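**Q** Please find one structure pasted underneath; my questions will follow.
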Amino acid sequence: MKLDGFGLLVNDMAKMIRFYRDVLGFEIKEEENTGNVYNVYLVKDGTLFLLYGRKDFEKMTNHQYNYIKGLNGHFEIALYVDTFEEVDTSFRHTVENGATPVLEPTTEPWGQRTCYIADPEGNLIEIGSWNKPYEEKDS
């Protein structure tokens with residue numbers, strides 16, 4: 001099996017589309033509205049990111065799910081920027097545009113500069129850097 005994408009179940013589709021598209025720079029690949037299910041396919045750096053309306057997803061799968069309110073500590077989405085300065089700038093930009101601040105930019109003892117925000121529905125997002133281009137970060 002190969003990872004094809006990552007899905008997020010959302011309450012407010014319009015708000016979440018605006019946040020991921022306009023604030024984080026995800027591109028809309030496709031919107032699908034079959035009448036029964038409405039979902040949006042976004043792409044970021046070649047990775048498929050799906051937004052599903054919670055109620056639509058429950059209808060489609062014929063199951064009800066429990067959802068955490070507030071900050072969601074079940075997973076994080078990690079985004080990389082090339083410089084430490086971009087971590088700080090990205091943090092300020094996202095918070096000014098609807099993100100909840102979780103951890104202000106910090107340089108960790110292992111050398112990474114990182115910060116955490118939450119999207120409008122409380123899902124954690126890390127923005128980090130090793131102060132080198134993405135292609136060189138693991139070398």
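The values are calculated or read from the model by the stated rules, or taken from the named source; none is laboratory data. For clarity, every value in this text was computed on a predicted model and none was experimentally measured. Because the Cβ atoms are built from the backbone with ideal geometry, glycine has one as well, and the counts that use them run over all protein chains shown. Keep in mind that these areas ignore ligands, DNA and RNA; they rest on the heavy atoms of the full protein, side chains included. Shrake-Rupley method; radii C 1.70, N 1.55, O 1.52, S 1.80 Å.
**Q** Of the numbered conditions (1) within 17 Å of Lys44 (Cβ to Cβ); (2) surrounded by 12 or more Cβ atoms within 10 Å (Cβ to Cβ), Phe75 satisfies every one except a single condition; which is it?
**A** The single condition Phe75 does not satisfy is (2).
**Q** Here is a list of conditions, (1) assigned to a helix (DSSP H, G or I); (2) exposed (fewer than 15 other Cβ atoms within 10 Å of the Cβ), and Trp110 meets all of them except one; can you say which number that is?
**A** Checking Trp110 against (1) assigned to a helix (DSSP H, G or I); (2) exposed (fewer than 15 other Cβ atoms within 10 Å of the Cβ), the one that fails is (1).
**Q** From the list Arg92, Arg113, which residue is touching a helix residue (DSSP H, G or I) at 6+ places or on another chain (Cβ under 6 Å), more than 25 Å from Leu9 (Cβ to Cβ) and of a type in the set (D, E, K, R)? Explain how you work it out, then say what you get.
**A** On the way: Arg92 fails: touching a helix residue (DSSP H, G or I) at 6+ places or on another chain (Cβ under 6 Å).
Answer to the check: Arg113.
**Q** Follow-up. With respect to the numbered conditions (1) open to solvent by 40 Å² or more (accessible area, probe 1.4 Å); (2) in a strand (DSSP E or B), which one is the sole condition not fulfilled by Cys115?
**A** Result: Cys115 fails condition (1) only.
**Q** Within the range 87-99, is even one residue in contact (Cβ under 8 Å) with a residue 60 or more places away in the chain and in a helix (DSSP H, G or I)?
**A** Here is the first cut: in the range 87-99, the ones in contact (Cβ under 8 Å) with a residue 60 or more places away in the chain are 93-94, 97-99.
Subset that is in a helix (DSSP H, G or I): 93-94.
Yes, the range 87-99 has at least one match.
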